[in-house]
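This report concerns only the one structure given below.
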Amino acid sequence: MNKKLATLLPLLVLMGACSTYTTPRYAINADTNVALKAIGASNIAVGSFSGPVSFDNSCRAVGPLAPPDGMTHTAYLKKAIESELKVVGAHAASTPKIILSGVVNRLEFSSSRGIMGGSWDIDVTLNSSTGKSMVAAEHYEFESGFIGDTACKQTAEAYMPMVQNLIEKIVRSPEFMGLLQ
């Protein structure tokens, strides 16, 4: 019996060491809210978003990074855009005037930029039902930490502010108005 326990114990420890590091639910960005209100946009729906060709969500061999509620990172971005539009009354669930869809061309992260830093990089093409499109990118740096568990937790948590920055950059871009006309 002790021999079996001695054999199983290291396996159980290894299995228990793997965690999933979850991004917090999206929170509205006040600056994006102000910018959307200033535009006066309305009657906009958010269509389909496709993910990058490749994205590795493994973090330092200690576990994957994942958005909440079983979403993909691409679905998280789509829902964040919808949330920003909803809070200013610009979202239309039915019979929209404009439908915005998107393609995440690139999504990458590092939990070990330098020694204690991390970064997220995203490149998105946003398409309008008017036939116009725009490209936006965001590079977001943050402190991650030296130890894998801490670094991966910080990396997962940094996805939300990176998405907030990206959406604000999109909304403040002159090209965004072109998508709505």
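The values are calculated or read from the model by the stated rules, or taken from the named source; none is laboratory data. On a predicted model such as this, the values are computed, not experimentally measured, just so you know. Note that we place each Cβ from the backbone using ideal geometry, even for glycine, and neighbour counts take in every protein chain shown.
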Legend entry - Criterion violated by residue 111 - all others in (1) surrounded by fewer than 14 Cβ atoms within 10 Å (Cβ to Cβ); (2) of a type outside the set (Phe, Trp, Tyr); (3) touching a Gly at 6+ places or on another chain (Cβ under 6 Å) satisfied: (1)
Legend entry - Of the criteria (1) touching a Lys or Arg at 6+ places or on another chain (Cβ under 7 Å); (2) buried (at least 18 other Cβ atoms within 10 Å of the Cβ); (3) at pLDDT 95 or above, which one residue 121 fails: (2)
Legend entry - Leading residue by the ranking (farthest from residue 99 (Cα to Cα)) among those in region 129-146 that are hydroxyl-bearing (Ser, Thr, Tyr) and surrounded by 18 or more Cβ atoms within 10 Å (Cβ to Cβ): 144
Inset, instruction - Give region 50-75 a look and list any residue that's acidic (Asp, Glu) and within 14 Å of residue 23 (Cβ to Cβ), or say none. - result: 69
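Which one of 92, 151, 137 is of a type in the set (A, V, I, L, M), in contact (Cβ under 8 Å) with a residue 40 or more places away in the chain and closer than 23 Å to residue 31 by Cα?
Values: 151 fails: closer than 23 Å to residue 31 by Cα; 137 fails: in contact (Cβ under 8 Å) with a residue 40 or more places away in the chain.
So the residue among 92, 151, 137 that is of a type in the set (A, V, I, L, M), in contact (Cβ under 8 Å) with a residue 40 or more places away in the chain and closer than 23 Å to residue 31 by Cα is 92.
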Inset, instruction - For residue 136, state whether it is under 25 Å from residue 20 (Cβ atoms) and either at pLDDT below 95 or not β-branched (Val, Ile, Thr) (or both). - result: no
Legend entry - Hey, residue 24 in a loop (DSSP other than H, G, I, E, B), modelled with pLDDT of 95 or more and touching a Pro at 6+ places or on another chain (Cβ under 9 Å) or not: yes
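Here's the yes/no breakdown for (1) free of Cβ contacts under 8 Å to residues at least 60 places away in the same chain; (2) of a type in the set (Asp, Glu); (3) in a loop (DSSP other than H, G, I, E, B):
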{"residue": "104", "(1), (2), (3)": "yes, no, no"}
{"residue": "108", "(1), (2), (3)": "yes, yes, no"}
{"residue": "118", "(1), (2), (3)": "yes, no, no"}
{"residue": "124", "(1), (2), (3)": "yes, no, no"}
{"residue": "159", "(1), (2), (3)": "no, no, no"}
{"residue": "162", "(1), (2), (3)": "yes, no, no"}
{"residue": "177", "(1), (2), (3)": "no, no, no"}
Legend entry - So residue 131, is it free of Cβ contacts under 8 Å to residues at least 40 places away in the same chain, in a loop (DSSP other than H, G, I, E, B) and either under 13 Å from the mean Cα position of the chain (by Cα) or over 24 Å from residue 25 (Cβ atoms) (or both): yes
Inset, instruction - Spot the failing condition for residue 149; the list is (1) surrounded by 15 or more Cβ atoms within 10 Å (Cβ to Cβ); (2) part of a strand (DSSP E or B); (3) of a type outside the set (Phe, Trp, Tyr), and only one is missed. - result: (2)
Inset, instruction - Search region 42-71 for residues being modelled with pLDDT of 95 or more and closer than 23 Å to residue 181 by Cα, and hand back the single one that is surrounded by the most Cβ atoms within 10 Å (Cβ to Cβ). - result: 46
Inset, instruction - Select from region 59-102 the residues that are under 14 Å from residue 47 (Cβ atoms), in a helix (DSSP H, G or I) and within 14 Å of the chain's Cα centre (by Cα) and list them in ascending order. - result: 74, 75, 77, 78, 79, 81, 82
